[in-house]
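Heads up: the structure comes next, in structure tokens.
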Amino acid sequence: MIRSSGKYLASLRWIRLSVLASLVLLLVGCRGTPSEKPPIHLNPNMDNQPKVKAQSESHFFADGQSMRTPPENTVARGELREDARLYQGRDANGDFVTASPLPATPVSLERGRERFGIYCSPCHGAQGDGTGAITRYKYPIPPTSLYEPRVAAMSDGEIYTIISDGIRNMPSYKAQIPVVDRWHIVNYVRELQRQGPPDSTQMISAAQ
Ligand code: HEC
């Protein structure tokens, strides 16, 4: 009796072991043989989602396109850009606005300084004098010093437009910099120009 119960326990142990082994095999998703099929997916979770990807084909819409054209005469929410001064930097006559529609508050100047450091300083230099890091890498032409009298004489709307659309060898930054940030940068450029180029500041502080 004792012997047979020992045997019984031993076979129970074997059953447990083999169940455990097959569970482990199942968990690692191994079929035991090479297969062309996708791996066994025990927990599909949200890996396969019914959705359309940009530019993909659609079997739902009659024209076979998954990307839809907005209905005519409609504007997406938050995309109504009626304020030409803010969005185009131009007044009702289509001329550049002379002054930024955003007041140059300390908060605006600080935001402008930060954004200028990110988007403009690689080319124009942290002080805007045209000595950014890019000058070491054979950029087609050296970036303009923002202290040049020609730039200083520009209206705020013109500088806003240069940031938005780029100019000659300078690329457009409208995709990277939101409208309001562009105006903060304009305010900051104005502040830089008011303070004068870094060399003259150094000269002033050296003279003092
Ligand atoms: C990739 C380099 C690069 C970046 C980044 C860049 N600029 Fe420029 N920028 C230039 C170059 C180059 C010129 C001179 C273009 C020319 O005359 O061909 C220029 C010219 C200008 C001018 C003078 C335009 C004129 O009529 O001479 C202004 C103003 C200006 N940039 C402002 C900015 C501001 C503000 C930023 C940041 C939002 C910025 N730039 C970012 C390269 C750059």
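Among the residues of region 43-58, those that are surrounded by 10 or more Cβ atoms within 10 Å (Cβ to Cβ) and not charged (D, E, K, R) comprise 52, 56, 58.
Taken together, the residues in region 113-144 that are closer than 19 Å to residue 160 by Cβ and near the ligand (Cβ under 9 Å from one of its atoms) amount to 11. Applying the condition of being part of a loop (DSSP other than H, G, I, E, B) and open to solvent by 60 Å² or more (accessible area, probe 1.4 Å) to region 131-150 and asking which residue is farthest from residue 185 (Cα to Cα) yields 138.
Tallying residues that are in contact with a Pro (Cβ under 8 Å, 6 or more places away or on another chain) and open to solvent by less than 70 Å² (accessible area, probe 1.4 Å) within region 62-109 yields 2. Using the structure shown, decide if residue 70 is of a type outside the set (A, V, I, L, M, F, W, C), away from the ligand (no atom under 16 Å from the Cβ) and closer than 22 Å to residue 180 by Cβ. No.
Taken over region 158-188, the residue count meeting the criterion of being over 17 Å from residue 123 (Cβ atoms) and of a type in the set (A, V, I, L, M) is 2.
Could you go through region 35-49 and let me know if any residue there is of a type in the set (Ser, Thr, Tyr) and at pLDDT below 90. Step through it out loud before you land on a result.
Taking region 35-49 first, the residues of a type in the set (Ser, Thr, Tyr) are 35.
Now restrict to residues that are at pLDDT below 90: 35.
There is at least one residue in region 35-49 that is of a type in the set (Ser, Thr, Tyr) and at pLDDT below 90.
Checking each residue in region 151-177 for being within 19 Å of residue 96 (Cα to Cα), near the ligand (Cβ under 6 Å from one of its atoms) and surrounded by 15 or more Cβ atoms within 10 Å (Cβ to Cβ) picks out 151, 159, 162, 163, 173. Pairing each residue of region 104-118 that is without any contact (Cβ under 8 Å) to a residue 24 or more places away in the chain with any residue that is more than 10 Å from the ligand (Cβ to nearest atom), provided the two are 6+ apart or on different chains, yields C-beta distances under 7 Å for 117/126. Within region 1-29, the residues that satisfy the criterion of being open to solvent by 80 Å² or more (accessible area, probe 1.4 Å), over 30 Å from residue 41 (Cβ atoms) and modelled with pLDDT of 75 or more are 7, 8, 9, 13, 14.
Scanning region 60-81 for residues that are closer than 20 Å to residue 157 by Cα and part of a helix (DSSP H, G or I) turns up nothing. From the list 128, 112, the one residue that fits, being buried (at least 17 other Cβ atoms within 10 Å of the Cβ) and either outside the structural domain of residue 194 (by TED's automatic domain parsing) or part of a helix (DSSP H, G or I) (or both), is 112.
The values are calculated or read from the model by the stated rules, or taken from the named source; none is laboratory data. The model shown is predicted, which means the values in this text are computed figures rather than measured ones. Here Cβ is always computed from backbone atoms with ideal geometry, including for glycine, and neighbour counts include all displayed protein chains. Surface areas here come from the heavy atoms of the whole protein model, side chains and all, with no ligands, DNA or RNA. Shrake-Rupley method; radii C 1.70, N 1.55, O 1.52, S 1.80 Å.
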